[in-house]
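Below is one structure; the comments refer to it alone.
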Amino acid sequence: MIDRSLTLRFLSASTLAIACAQPALAQESIDSSDIEATGAEQADNSMLDVIVVTANRREENLQDVAVSAATISADTVKTIFDSGADVTALAGRVPGLFVESSNGRAAPRFYIRGLGNTDFDLAASQPVSVVMDDVVLENVSLKSFPIFDVERIEVLRGPQGTLFGRNTPAGIVKIDTTKPGDEFAVQGSLSYGSFDTVSIDGGVTIPLVPGLASVRLSGLWQQRDDWVDNGFTGEKNAYGAYSDIAGRAQLLLTPTDRLSILGSYSVRDLDGTSTLFRANILGPNSNELNENYDRDTVYYDAGGGNEAKYKAEIATVKAEYEADFATLTSITSWADSEGSSRGDIDGGNAVSGPGFIPFQSDTKDALSLDQFTQEIRLASNSGGVFEWQVGGFYFDSDFDVTTVGFDFPPPVTVNHTNESWAVFGQVTGEVTPELKLTGGLRYTEDDKDFFVRDAADPQARSVSDERISWDLAAFHELSGDASLFARVASGFRAPTIQGRDVAFFNPPSVATSEKIMSYEAGLKSELLNRRIRFNLAGYYYTIDDPQFSAIGGADNLVQLVNANKGRGYGFEVDSAFQVTPDFLITAGTSWNKTEIQDNQLAVGTCLQCTVRDPLVNIGGTDRALVDGNPFPNAPEWIADFTARYAVPISAQGELFAYTDWTYQGATNFFLYESAEFNSDDQFEGGLRIGYAKFDGSLEVALFARNITDEDNVKGGIDFNNNTAFVNDPRVIGVSVRFQH
């Protein structure tokens, strides 16, 4: 639990420190007359809205930033969550972004440009950082914190280590929630659909003392009833339910026009169903779903109901003071998360299968986590030909992971601690009115320790590394409509310890730091009086000692390995077209080619599938040589498309139709390649038809998510049979949105 007394001590210390800064002029910002909806794509006088991003820790026009970035607007977030979806629904919403989970709603795995980590363990490290309101959510359980009452979501592609630092060789998913203001404001979204699915998202700002204090209260409730039968026991509607409740309270104090203090406290309570694994639904010798698959039925003899229960708290204090020459920012955050999930991992039963199940697997993993972060930044006030910022960052986490088998393995608890600190700086100079150069540097030290609790042999492990990350970028304005940019960036993911195999009487595994060099260049353009936006980026990156997780295999292990090298290259296109004032289209696509480069790396394989890699016998066991294979869960193609067409029916409102689609190309699930454990040509679509007022105060619509009811395989469990799990079913319902 969070020590509330620490919050009070920080408030006193930070307020005193910031008060010592010199007074100054207010910071310049983007002309608000150009911005109608931050991060949105909505019609305004036949022009596309300006999209604001904070990739450089400042508010800037997306078109003026030398990085490949994309945003997901608040309206889009509400739409994709209409059906009660969790954060994995962000997959494919912008080019290059993929998200999946084999832990239900509790521990998502993020990938950008093919870089991610397939490790399902609660101690897993990921090369994509999730940052919510300037606070890094490092552990996978925190990454699952529900998204609600948001202002925008930014996806920053490529290494972002200079300014963000915490294991970001792939990129960042940056979530900014709505903050308190000086005026009363309220917004809400309510939806009801199939399977008694409910999703309610809302927020209200209440000024307490005009110009001095205001609060914002936000909340989310998502729930669904059980809808999946257990064909083995004969129980109807046995699985699939969840109740996910989250809330946030924010207090903004502005005692002077230079000083602001924002306190935030967020909580979550999840009571749901973990991922439903389905035995032998793939193959043989094919990735197509076979006759064993029935979306509405599983055949479990174990798993204890596949329950998943998690709670989390996040408390943050952000203090800012604008001095004459710069702004001083302090961000302090405490987070804790605890919970567990259990599953029938083999996906069936030894009596009737389906298919051949050599042995039962029923396990439960539990987590108890505490995290603390502190960041201090001093940034020049915007508007000059020379801008700079410097800062320091501290990170500390301590958590236990407990693995319990029913009836194997016996309970084992392991402890992980991680302490890291960094100093960083960035400068941007205007060489000419058309050319800007940016350079950044960060020094990081990272230490991790591991041991087994209550064991005769604690099997202690310690790893440490210190490195410098840097980036250089150039931005050249060709005209008022088009610009070119280029960026070279380095980054790293610190050494990692994985101890889950201790529960299966194997030693913990260790991976050394992975180091990335990334090169990208692109075009940003807005044409026809900002009616067309077309952004293109191409990239190439190499990784020394890439960290991979060898998952499953016939021994059912989770082992960290370092390959010798890896590389990736491709392109991303983000576009929007304001065809008429009432017709808007957005479209994006990415092509990504990744390759493992290590002619000695051999990993365990599945027991029943058809392996396509060369095999080598090591210690009496066949292993697959994975040199040349793509990175796991790295879709070669990702595409997204939306279209909104409206017909005005009065001076107050319009009828509209909105559709959105995502596409995922060829994706290999594991390090080795097999005929069964991969997917290709998957798509999902949504539709909304309704009435909306022009001022945004009311919208009523019918909706459908996964409207064509696609059965898409999202991942597999490979160790003793061809088990897999699939996407959510079609949900049809009605939604109401309002704001004031």
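Observations on the model:
- Per-residue surface analysis assigns residue 186 an accessible area of about 40 Å², computed on protein heavy atoms at 1.4 Å probe radius.
- Going by accessible surface with a 1.4 Å probe and the largest first, 545, 680, 346 read 680, 545, 346.
- Between the beta carbons of residue 225 and residue 249, assuming R0 = 30 Å, the FRET efficiency works out to 0.55 to the nearest 0.05.
- Sorting 732, 175 by solvent-accessible area of protein heavy atoms yields 732, 175, largest first, with a 1.4 Å probe.
- Divide the volume of the convex hull around the Cα atoms of region 191-262 by the residue count and you get 93 Å³ per residue.
- Heavy atoms of residue 421 accessible to a 1.4 Å probe, total area in Å² rounded to 10: 100
- Region 573-620: chymotrypsin sites (Phe, Trp or Tyr not before Pro) in DSSP loop, at most 12 other beta carbons within 10 Å: none
- Peptides 95-105, 201-211 ranked from most to least packed by the mean count of surrounding Cβ atoms within 10 Å: 95-105, 201-211.
- From the alpha carbon centroid of region 544-610 to that of region 690-740 is 25 Å.
- With the helix formula -39500 (n - 2.57) applied to DSSP H stretches of n ≥ 4, the chain reaches a computed 222 nm mean residue ellipticity of -1000 deg cm²/dmol.
- The label-point distance for residue 267 and residue 468, in a model that sets each label 7 Å from Cα toward Cβ, rounds to 4.7 nm.
- Table column - 3J(HN,Hα) (Hz), region 467-478, Karplus curve with 6.51, -1.76, 1.60, x for Gly and Pro: 8, 10, 10, 8, 8, 10, 9, 10, 10, 10, 7, 6
- If R0 is 60 Å, the Cβ-Cβ spacing of residue 647 and residue 600 corresponds to a FRET efficiency of close to 0.40.
- Database remark: amide H of residue 674 closer than 5 angstrom to the amide H of 612 (H placed geometrically; neighbours at sequence offset of 5 or more, or on other chains; Pro and chain starts carry no H).
- Virtual spin-label span in nm between residue 453 and residue 564, 7 Å along Cα→Cβ: 4.2
- Calculated from backbone phi, Karplus (6.51, -1.76, 1.60) coupling profile of region 197-208 in Hz, x at Gly/Pro: 6, 10, 9, 10, 9, x, x, 9, 9, 10, x, 8
- Fully extending the segment from residue 408 to residue 256 would add 48.6 nm, taking 0.36 nm per residue of separation and subtracting the current Cα-Cα distance.
- Once the Cα atoms are used to define both axes, helix 4-19 deviates from the longest principal axis of the chain by about 30 degrees.
- Gyration tensor verdict on region 343-446 (Cα atoms; rounded if a/c is under 1.5, prolate if a/b is larger than b/c, oblate otherwise): prolate
- Å³ per residue enclosed by the Cα convex hull of region 424-558: 159
- Region 167-184-region 250-267 distance, computed between alpha-carbon centres (Å): 15
- Ranking by accessible area, most exposed first, for 645, 394, 321 with a 1.4 Å probe: 645, 394, 321
- Once the Cβ-Cβ distance of residue 708 and residue 585 is raised to the sixth power relative to R0 = 25 Å, the FRET efficiency obtained is 0.80.
- Spin-label zone in region 556-571 - amide nitrogen under 13 Å from a point set 7 Å from the Cα of residue 519 along the C-beta vector: 568-570
- Sites listed here are trypsin sites (Lys or Arg not before Pro) in region 439-499 whose DSSP assignment is loop and whose Cβ has at most 13 other Cβ atoms within 10 Å: 453.
- Gap separating the Cα centres of region 270-335 and region 401-437, nearest whole Å: 18
- Extension gain from residue 680 to residue 46, taking 0.36 nm per residue of separation minus the Cα-Cα distance: 224.5 nm
- Selection of chymotrypsin sites (Phe, Trp or Tyr not before Pro), region 151-214, meeting DSSP coil and at most 13 other Cβ within 10 Å: 184
- Close amide H partners of residue 714, meaning residues 5 or more places away or on another chain with modelled amide H under 5 Å apart, are 725, 726, 727.
The values are calculated or read from the model by the stated rules, or taken from the named source; none is laboratory data. The structure presented is a predicted model; accordingly, all values stated were derived computationally and were not measured. Ideal geometry is used to build each Cβ from the backbone, glycine not excepted, and the neighbour counts take in all protein chains shown. When the accessible area is computed, the model is the full protein with side chains, heavy atoms only, and any ligands, DNA or RNA have been set aside. Shrake-Rupley method; radii C 1.70, N 1.55, O 1.52, S 1.80 Å.
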